[in-house]
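Colleague: Here it is: the structure, laid out below.
Bear in mind that the values in this text are calculations on the coordinates, not laboratory data. Note that the structure is predicted; figures quoted are calculated from it, not measured. Neighbour counts are summed over all protein chains in view; Cβ atoms, including those assigned to glycine, are modelled from backbone coordinates with ideal geometry.
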Amino acid sequence: MKKLYEKCSEAIQKLTVEAGSAPLIELHGSGELFISGCRGILDYDPCLIKVETSCGVMTVKGKGLRVSVFRSDMLSVEGSVSMLCMGDGEDDT
């Protein structure tokens, strides 16, 4: 049992080092989204939310979007999420 704990602990430490300050994203279906590593909200309306993260701008598009929780580095979005991308979400083509 101890070996398993040590292996898991080592894996978590390695992942933490490799991930660094990258935002962590958790999506539950299409109705709830959690983003950690937020630095601020840049744009916000029911169809689009732009968030500044440690790796740049993250864009969330959908319908009926609303920020349900915003703390120092964590954001929770509820609504129908249809797209999530790094960048401003504009098509460059």
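Colleague: Residues with beta-carbon under 10 Å from that of residue 47, excluding residue 47: net charge, scoring Lys, Arg +1 and Asp, Glu -1?
Modeller: Net of charged neighbours comes to +1.
Colleague: What percentages make up the Cα-Cα pair-distance distribution of the stretch 27-93 when the bins are 5 Å wide from 0?
Modeller: In whole percents, the pair-distance histogram is 4, 19, 33, 27, 13, 3, 1, 0.
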